[in-house]
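The values are calculated or read from the model by the stated rules, or taken from the named source; none is laboratory data. These figures come from a predicted structure and were not determined experimentally. Cβ placement follows ideal geometry from the backbone for every residue including glycine, while neighbour counts extend to all protein chains displayed. Heavy atoms of the whole protein, side chains included, go into the accessibility calculation; ligands, DNA and RNA do not. Shrake-Rupley method; radii C 1.70, N 1.55, O 1.52, S 1.80 Å.
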Amino acid sequence: MTVKEQLQGCVEFVKARVSFCPKVALVLGSGLGGFADTLDVVQTLDYKDIPNFPVSTVAGHNGRFVFGHCAGVPVAAMQGRVHMYEGYTPQEAVLPLRLLRALGAEILFLTNAAGGIQPGMKAGEFMLITDQISSFVPSPLRGENLDELGVRFPDMSAVYSPRLQKIIRRIAVNEDIPLKEGVYVQTAGPAYESPAEIRMFRSLGADAVGMSTAIEAIAARHCGMEICGVSCISNLAAGISPHPLSHEEVKEAADKAAPQFETLVRRTIEEIGKV
Ligand code: HPA
């Protein structure tokens, strides 16, 4: 089955069951999925019930779409995402957000848990993503171009919308939520990085590292979405952290940061809905 056929099949299946038209697509990262439960839920759809849809297998990722309103704004939240380290191709990993684009979503709000590289970062803080490095993972746009979605050679000079960045910065100040900002680098995972790799990423200009997001942002730019992203710094990256890294630590830190995170996301969506 081609990428195009797989996407078309999923879109047809979901459109036949969901009449909701989201304005904002929201991807909820590790430990951050609880936000979806705070929506005024209209409908949910489990990924496993959609034929040929990639299903997430990681603990802490539920694997469903939650359609509902946040402060009156129609939102499609992804409770869980699929990662390349689960064995999926980059094209499969971006299928869900292409599907949400097909349902009508214009804005993509990406969240993730990430390791902090920037000097001075602390676990539990947030980082507004201002740019990204995807050079260490294959492009989700590899292969035949889907002309109906976007151009063969899309521009990536402003992946993260300056307009949305401005809104998020203002909200963080107003809500008294400390917000770092910087460049996110995606690795293939699933192993955490070695200290030497983190030193390399630092010297290349990265401020936080994770195993998702950058390919999603590329696919979303390709199909014309306006993007913003926030990382929850769940741990200091390898070699900076005084102790070994674990998924439990990542989940725990993300859980602890969840209330502030929810405020930041809710207020941002509220502002987006006004314009
Ligand atoms: N490295 C990669 N991915 C991550 C990390 C990390 O330190 N923390 C959370 N996701």
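List of remarks:
- Qualifying residue in segment 150-171 (condition: at pLDDT below 95 and either of a type in the set (Ser, Thr, Tyr) or not in a helix (DSSP H, G or I) (or both)): no
- The requirement of being more than 16 Å from the ligand (Cβ to nearest atom) and farther than 28 Å from Val18 by Cβ is fulfilled somewhere in segment 110-129, by at least one residue.
- From the list Val230, Val250, Val265, the lone residue that is part of a strand (DSSP E or B) and either among the polar types (S, T, N, Q) or surrounded by 20 or more Cβ atoms within 10 Å (Cβ to Cβ) (or both) is Val230.
- Residues that are open to solvent by 10 Å² or more (accessible area, probe 1.4 Å) and under 27 Å from Gln260 (Cβ atoms), drawn from segment 122-139: Lys122, Ala123, Gly124, Glu125, Thr130, Asp131, Gln132, Ile133
- Residue that is surrounded by the fewest Cβ atoms within 10 Å (Cβ to Cβ), among those in segment 1-43 that are in a strand (DSSP E or B) and more than 19 Å from the chain's Cα centre (by Cα): Asp40
- If you filter segment 78-118 down to residues that are aromatic (Phe, Trp, Tyr) and outside any strand (DSSP E or B), you find that the one that is farthest from His243 (Cα to Cα) is Tyr88.
- When residues of segment 140-182 are limited to those that are of a type in the set (A, V, I, L, M, F, W, C), in contact (Cβ under 8 Å) with a residue 12 or more places away in the chain and open to solvent by 30 Å² or more (accessible area, probe 1.4 Å), the one farthest from the ligand (Cβ to nearest atom): Val151
- Residue in segment 86-104 that is under 17 Å from Met156 (Cα atoms) and within 16 Å of the ligand (Cβ to nearest atom) present: no
- When the criteria are applied in full, Val75 fails the requirement of being in contact with a His (Cβ under 9 Å, 6 or more places away or on another chain), in a loop (DSSP other than H, G, I, E, B), open to solvent by less than 10 Å² (accessible area, probe 1.4 Å) and of a type in the set (Val, Ile, Thr).
- Pair list, Cβ under 9 Å, 6 or more apart: segment 225-242 residue closer than 30 Å to Arg98 by Cα, other residue of a type in the set (Lys, Arg) and part of a loop (DSSP other than H, G, I, E, B): Ile233/Lys122
- Count of segment 193-222 residues which are surrounded by fewer than 18 Cβ atoms within 10 Å (Cβ to Cβ) and either of a type outside the set (Lys, Arg) or within 12 Å of the ligand (Cβ to nearest atom) (or both): 7
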